[in-house]
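Q: Before I ask anything, let me first share the structure, which is written out below as structure tokens.
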Amino acid sequence: MLELSILGFLAEEPLHGYDLKERIKALSGHVRPVSDGALYPAINRLVAAGLLDQRTEEGASAAPRRMLSLTGKGRAELLERLRRPKQAEITDHVRFNTVLAFLRHLPDPAEQAAVLRRRLEFLETPASFFYRDGEPVRAEDSGDLFRQGMLRVARATGEAERAWLREAIEVLAQPS
């Protein structure tokens, strides 16, 4: 998820490490904060793999800053990761939002729709936070006010997301 965010934001424009960190933080928010201890080693791995270029420029006040940009190889890697997201990037809501944030970079609407269809298929599989006798527990059957709340909110959110996914897939299927 972190590497996808780095590649995605740098596909939009070159950024300093601090600016990149702030954008990633805004995307994943308090749910999955990014630390310097995770960000800078990830940047270094991507530079070593030839996916990012970095150059040093003078800082506004004192220390020099690293300016990062995406290479052609980095853009190809981003597109490949968007075409074929890992299963966890489909099933995990925060990770899927990261894919969604950059899906517009895929130039083919059919490929975009294929990713959305994978998410829709996942969301249409019956699931719950709680199970009884191997079956998902519905909100109305939970018998617990707080679990009922969790299940009702999850159901409403899921219904809204499924509706949006169907609409988006329909829009992508229309000729340009």
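The values are calculated or read from the model by the stated rules, or taken from the named source; none is laboratory data. As the structure is a computational prediction, the values presented were derived from the model and not from experiment. Glycine gets a Cβ as well: all are built from the backbone with ideal geometry, and neighbour counts include every protein chain shown. Remember, those area values only see protein heavy atoms, side chains included, never the ligands or the DNA or RNA. Shrake-Rupley method; radii C 1.70, N 1.55, O 1.52, S 1.80 Å.
Q: Starting from residues that are of a type in the set (A, V, I, L, M, F, W, C), over 20 Å from Ala48 (Cβ atoms) and not in a helix (DSSP H, G or I), keep the ones in segment 60-102 and report whichever is most open to solvent (accessible area, probe 1.4 Å).
A: The qualifying residue most open to solvent (accessible area, probe 1.4 Å) is Ala60.
Q: Checking the conditions here, which among Ser128, Ser176 is outside any helix (DSSP H, G or I), at pLDDT below 95 and open to solvent by less than 40 Å² (accessible area, probe 1.4 Å)? Outline the logic, then answer.
A: On the way: Ser176 fails: open to solvent by less than 40 Å² (accessible area, probe 1.4 Å).
Exactly one residue qualifies, and that residue is Ser128.
Q: Only one of Glu170, Glu140 is over 26 Å from Glu77 (Cα atoms), modelled with pLDDT under 95 and surrounded by fewer than 11 Cβ atoms within 10 Å (Cβ to Cβ); which? Quick ask: steps written out before the conclusion?
A: Details: Glu170 fails: modelled with pLDDT under 95.
Sole residue among the options that is over 26 Å from Glu77 (Cα atoms), modelled with pLDDT under 95 and surrounded by fewer than 11 Cβ atoms within 10 Å (Cβ to Cβ): Glu140.
Q: Conditions: (1) surrounded by fewer than 16 Cβ atoms within 10 Å (Cβ to Cβ); (2) under 25 Å from Met1 (Cβ atoms); (3) of a type in the set (Lys, Arg); (4) touching a residue at least 12 places away in the same chain (Cβ under 8 Å). Arg118 meets all but one. Number of the miss?
A: Here Arg118 meets the rest and fails (1).
Q: Sticking with this one: Within segment 103-125, how many residues turn out to be part of a helix (DSSP H, G or I) and among the β-branched types (Val, Ile, Thr)?
A: So the answer is 1.
Q: Of the conditions (1) more than 27 Å from the chain's Cα centre (by Cα); (2) modelled with pLDDT of 90 or more; (3) small (Gly, Ala, Ser), Ala154 satisfies every one except a single condition; which number is it?
A: Single failed check for Ala154: (1).
Q: For the list (1) farther than 24 Å from Lys25 by Cα; (2) acidic (Asp, Glu); (3) open to solvent by less than 60 Å² (accessible area, probe 1.4 Å), I need the number of the one condition that Asp108 fails.
A: The number of the failed condition is (3).
Q: Now, a different point. If you scan segment 131-151, which residues turn out to be among the basic types (Lys, Arg) and either within 21 Å of the chain's Cα centre (by Cα) or in a helix (DSSP H, G or I) (or both)?
A: Correct list: Arg147 only.
Q: Moving on. Just the residues that are modelled with pLDDT under 85 and open to solvent by less than 40 Å² (accessible area, probe 1.4 Å), please, taken from segment 1-36.
A: Across segment 1-36, the qualifying residues are Ser28, Gly29, Val34.
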